[in-house]
1. Return the residue satisfying two criteria in turn: it lies in segment B:177-190 and is among the hydrophobic types (A, V, I, L, M, F, W, C) and facing chain A (nearest Cβ under 9 Å), and of such residues it is farthest from A:LYS174 (Cα to Cα).
2. Return yes when B:LYS53 is touching a strand residue (DSSP E or B) at 6+ places or on another chain (Cβ under 6 Å) and more than 24 Å from B:LYS121 (Cβ to Cβ) and no when it is not.
3. Here are A:ALA171, A:ALA228, A:ALA192: which of them is assigned by TED's automatic domain parsing to the domain that holds A:VAL152 and touching a strand residue (DSSP E or B) at 6+ places or on another chain (Cβ under 6 Å)?
4. Tell me, yes or no, whether segment B:240-258 has at least one residue that is among the hydroxyl-bearing types (Ser, Thr, Tyr), crowded, with 24+ Cβ neighbours inside 10 Å and within 7 Å of another protein chain (Cβ to nearest Cβ).
5. Looking at (1) under 21 Å from B:ALA259 (Cβ atoms); (2) aliphatic (A, V, I, L, M); (3) in contact with a strand residue (DSSP E or B) (Cβ under 8 Å, 6 or more places away or on another chain), which is the one condition that is false for B:VAL109?
6. With (1) within 8 Å of chain A (Cβ to nearest Cβ); (2) within 21 Å of the chain's Cα centre (by Cα); (3) not charged (D, E, K, R) as the list, and B:MET205 as the residue in question, which single condition is left unmet?
7. For A:ASN278, state whether it is surrounded by fewer than 17 Cβ atoms within 10 Å (Cβ to Cβ), facing chain B (nearest Cβ under 8 Å) and either β-branched (Val, Ile, Thr) or closer than 27 Å to B:VAL176 by Cα (or both).
8. Give the number of residues within segment B:154-200 that are modelled with pLDDT under 95 and at positive phi.
2 protein chains.
Amino acid sequence: MNKKANVVIVGASGAVGQELLNILNEREFPINKLKLCATSRSAGREVEFQGKKYIIEETTDDSFNGMDIALFAGGKASLDFGPAAVERGCVVIDNSSNYRMDPEVPLVVPEVNPEDVKWHKGIIANPNCSTIIMVVALKPIYDAAGIKRVVVSTYQAVSGAGKEGIEELTAQTKAVIEGGEYPPNKFAHQIAFNLIPHIDVFKDMDYTKEEWKMVLETQKIMNDDSIAVTATTVRVPVYRSHSESINIETKSKLSAAEAKKVLADAPGVIVQDDISQNIYPMPLFTSNTDEVFVGRIREDNTIENGLNLWVVGDQIRKGAATNAVQIAELLLKYNCLMEKK
Amino acid sequence: MNKKANVVIVGASGAVGQELLNILNEREFPINKLKLCATSRSAGREVEFQGKKYIIEETTDDSFNGMDIALFAGGKASLDFGPAAVERGCVVIDNSSNYRMDPEVPLVVPEVNPEDVKWHKGIIANPNCSTIIMVVALKPIYDAAGIKRVVVSTYQAVSGAGKEGIEELTAQTKAVIEGGEYPPNKFAHQIAFNLIPHIDVFKDMDYTKEEWKMVLETQKIMNDDSIAVTATTVRVPVYRSHSESINIETKSKLSAAEAKKVLADAPGVIVQDDISQNIYPMPLFTSNTDEVFVGRIREDNTIENGLNLWVVGDQIRKGAATNAVQIAELLLKYNCLMEKK
């Protein structure tokens, strides 16, 4: 990775945008020129990066002139500007769901399917946060024993709903503790001291879009449509890091000890599983990290080849920003930036 | 139910004891004589019930003289005094786990196996709270289509750990919001804005005792050892009502519409499932109720006969006190109190 890239961040003012900057810095991503863009609402704001000050510009088609990589933080910006970026020879790494299931667009988790970066046609999609966290834990199990079916229930932090989600949890919790009220705004119902079994909109068969993402994106990332996933996704009053209770039916038998070993050896995974010391992953202690934490690794004897895992990961870092920067690193590693036109 | 009973509550000073009194009152349980007992620590405290004042007495073997029904709120009291109560012709309804798996002791959820009350030999066990909430929802599915396997992940409220659990969540949440700290005491780790995948002690195969209860008690209550249950139990920062994400493999096909119908018709169940109006069960709104709330009823097409449910119930009421009082009602209905000796 001697090459340096010209990088533009679209949506630089939000939580994911800020985290993208943090991670580019931490991972010493080789930047030649950096440009920060956002909507007109945030344009003009000053942001510091590696000791230099940058002014956020309003995104236009021409924001991508001469740029190599555009990191889109989310929302509809990639629909509005993604094609213009690609036309100008700038590879789009898109954190939104806009292109994820497009068969022309690779959907990449570097620990799982890094090679899929190579066939990009200008856009590479960053998967859903819950899905990224799950597949990093599933991949070593899949490689060791195959996977037939996954039953997953999620416990998702409010920061999955952005800064407003965080602010609503804080303000509402304060109000409740002081005996007052704080009506829900970002969430459909009160989230303080409550659970909401509803993330994103409802779709086919009464599953939410979030639940369908975990089903369909997993199959695409793993390049295996035979993996059956059923999901129930739930918002919990936790600030950061998504947690997942995952039941797996493997094709061949994998003991708990074997599962622990393949997970411990896997890239991007940290096994936290010492029940004698009350050690298992918890969202409070896995936030601001880049790994996926796996614990409560148990055989499930209700089926021939069953496993239960408890998996936790920071959904803003590994579930979004870190994964996007890792994809950018792969673009340099595999030398698959685009020709400027 | 014309007969009136002499009722003693053992552990009258705690959260479940207080709730037992509330429910005896609400359900107009026919009480002749009422006696309130607890450890020496609480003895002497005054409690009002239906306009009369009662002094809590220290429990002794003779507390049960002349009494018909003893409601034990929990802990080891039923080990210390249960046999003495039975010797005196007083039927024990025990909310602890002490006798639940004893083959000589019926384990009863009135909506599921009321007839099991009839073969008691002096002690009837009240099941684990998470198990009660689950089996009330499972029973109508079981009757309609049979059940092969259940994968359950729980979201359990802090009041499952008693008053201290509630106080710890409040004090710790306040401290965190004010930027301070409040070290864990009742729980193994901070519960404010966190999740702890660990309830009760660790046992065989690295499952917790809470998880094993959901496996073994379900089979006993349903009188069917062939029902395979695998559980992951998790503490969440919610005050009251346990929630459960339940995946069910039935023996024959049950559509989501059929499942909704049998659940809506089942005793003790309220279906809350209108996603067009964002209606689904949530712990905040199901607390202080006696029913089990079921929503997010979906077919799971990853297996031939699959269903997903989201189930919520007040674990202090239906999960403990209400269920115990319902058992007492069955004792009167079936006329199976004991002869005084």
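1. Only one residue tops the list, namely B:ALA188.
2. So B:LYS53 passes the test.
3. Details: A:ALA171 fails: touching a strand residue (DSSP E or B) at 6+ places or on another chain (Cβ under 6 Å); A:ALA192 fails: touching a strand residue (DSSP E or B) at 6+ places or on another chain (Cβ under 6 Å).
Of the residues listed, the single one that is assigned by TED's automatic domain parsing to the domain that holds A:VAL152 and touching a strand residue (DSSP E or B) at 6+ places or on another chain (Cβ under 6 Å) is A:ALA228.
4. Within segment B:240-258, one or more residues are among the hydroxyl-bearing types (Ser, Thr, Tyr), crowded, with 24+ Cβ neighbours inside 10 Å and within 7 Å of another protein chain (Cβ to nearest Cβ).
5. Tallying (1) under 21 Å from B:ALA259 (Cβ atoms); (2) aliphatic (A, V, I, L, M); (3) in contact with a strand residue (DSSP E or B) (Cβ under 8 Å, 6 or more places away or on another chain), B:VAL109 fails exactly one: (3).
6. Failing condition for B:MET205: (2).
7. So A:ASN278 passes the test.
8. Here the count works out to 2.
The values are calculated or read from the model by the stated rules, or taken from the named source; none is laboratory data. Everything numeric here is computed off the predicted structure, so don't read it as measured data. No Cβ is skipped: glycine too gets one built from the backbone with ideal geometry, and neighbour counts run over all protein chains shown. In case anyone asks, the SASA skips ligands and DNA or RNA and just uses the protein heavy atoms, side chains included. Shrake-Rupley method; radii C 1.70, N 1.55, O 1.52, S 1.80 Å.
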